[in-house]
Amino acid sequence: MISSKKLLKFLFPTLTVFILLSSCDSNEDKKGRFLLKGNNKMMENDFDGAIDFYSEALALDQEFVDAYYNRGIAYTKTSDFQRAISDFNKAISIDHQYVDAYYHRGIAHFDNGANYNALSDADQLIALAPDDYRGYFLRGLVQETLGNYETALQAFDQAIEHDQTITDLYVNKATIQYYRKDYKSATTNLNKAESLNPEEPNIFNLRSLIAFERDAIDSALKWVNKAIDLNAGQAYFYNNRGLYYLFDGQMERGIEDINFSLKQNSKNLFALRNKGIYYYLSGNKPLAIKYLQEVYSKDSSIKLTKKYLDLAQEM
């Protein structure tokens, strides 16, 4: 449910322009050329190629802060969070005021499950740049994950005070309000988010979840299909649609979506729960209990798990 906005900020230093105008071929020119080539690879979504060019630049200058930062961004795009964090650490050790590096290191910690390290980076970012919304945004993401919803909402509100144009701030506020069953407030924030960016798929996915909670299956399917139209690669959208299909009596379409989601992430507890519900609705007691018990043992707070586990055990 959480949408972490990772602003991809490339650095194009003056030296990059200079090398295009100069006939010299000094180390400064060479490392700048490698940085530029790496940036071009990033724009082409060739992240491994970008990493290679940034590494070439660093071989020429081990204190090249921009290359560490950009390579860290590239590593996050390949989900190699440990290497990303290492590069951001190096960038910060060279430039202690490097606000962007603190932010992206915090996001890398967050994506790597190191919530308290991410929270520390949020605090440092706020101390360095109190007018930058990203520190409060990062704090909100972490507090939301830790279940500290009131603190998270306060952080998102502080972020909005500094920048009212960021769609994800309103989506994340709406997500917390959904968790708290405050569907009216969630809908208000989703409407605001849509006014800023009508192409953001998480808006429509969350609307589908709210519709499902209101037993409006047709609306839930309409909204999740719009989310999938906007981002066909997000596994959670298929998992949600699979659940709605089950409750709409479209069993085979439901399990097809659920299995598709699990192929992308076999540890997705929500998809495993949905598979257990599928087997319960299909009358397969052993498999229903197997999947639902696994989910319940790992996270008993996931909605519908206990209800259908109890029903399966009573079959």
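What follows draws every value from the coordinates through simple rules; no lab data is involved. Just so we're clear, the structure is a prediction, and the values are computed from it rather than from any experiment. Positions of Cβ are backbone-derived with ideal geometry, glycine not excepted, and every protein chain shown enters the neighbour counts.
Observations on the structure shown:
- C-alpha center-to-center spacing [region 252-307, region 189-234] in angstrom: 22
- Segment GLU314..LYS226, full-extension length gain: 27.9 nm, with 0.36 nm per residue of separation and the alpha-carbon distance subtracted.
- Cα gyration tensor shape of region 13-96, rounded if a/c is under 1.5, else prolate or oblate by comparing a/b with b/c: oblate
- Cα shape, region 64-139, gyration tensor, a/c 1.5 rule: oblate
- Inter-label distance, nm, simple model (7 Å from Cα along the C-beta direction), MET43/ASP123: 4.0
- Of all lysines in the structure, the ones whose alpha carbon falls short of 18 Å from that of LYS30, not counting any fewer than 8 places away in one chain, are LYS41.
- Region 155-221 shape via C-alpha gyration tensor axes, a/c threshold 1.5: oblate
- Residue by residue, region 274-283 carries 3J(HN,Hα) couplings of 5, 5, x, 5, 4, 5, 4, 5, 8, x Hz when phi is fed to the Karplus relation 6.51 cos²θ - 1.76 cosθ + 1.60 (θ = phi - 60°); x denotes Gly or Pro.
- In degrees, nearest ten, helix 47-60 long axis to first principal axis of the chain (Cα): 30
- Helical contribution to [θ] at 222 nm, DSSP H n ≥ 4, -39,500 (n - 2.57), averaged over the chain, rounded to 500: -24000 deg cm²/dmol
- Approximate spin-label separation HIS96-LYS184, in nm, with each point projected 7 Å along Cα-to-Cβ: 5.1
- Helix 115-128 axis, angle to the chain major axis (alpha carbon atoms, nearest 10°): 50
- Pairs from the table (LYS192/LYS307; LYS31/LYS263; LYS31/LYS267; LYS226/LYS263; LYS263/LYS303; LYS37/LYS90) lying more than 30 angstrom apart at Cα are LYS192/LYS307; LYS31/LYS263; LYS31/LYS267.
- TYR149 paired with ARG83, simple spin-label distance in nm, labels 7 Å along Cα-to-beta-carbon: 4.0
- Computed over the chain, relative contact order equals 8 percent, with contacts defined as Cα pairs under 8 Å that lie 6+ residues apart.
- In sequence order, calculated HN-Hα J values of region 234-246 (Karplus, 6.51, -1.76, 1.60; Hz; x Gly/Pro): 8, 4, 5, 5, 5, 4, 5, 5, x, 4, 5, 4, 4
- Note on Kirkwood radius over Cα pairs in Å: of the candidates (i) 20.6; (ii) 21.6; (iii) 19.6, the value calculated from this structure sits at (ii).
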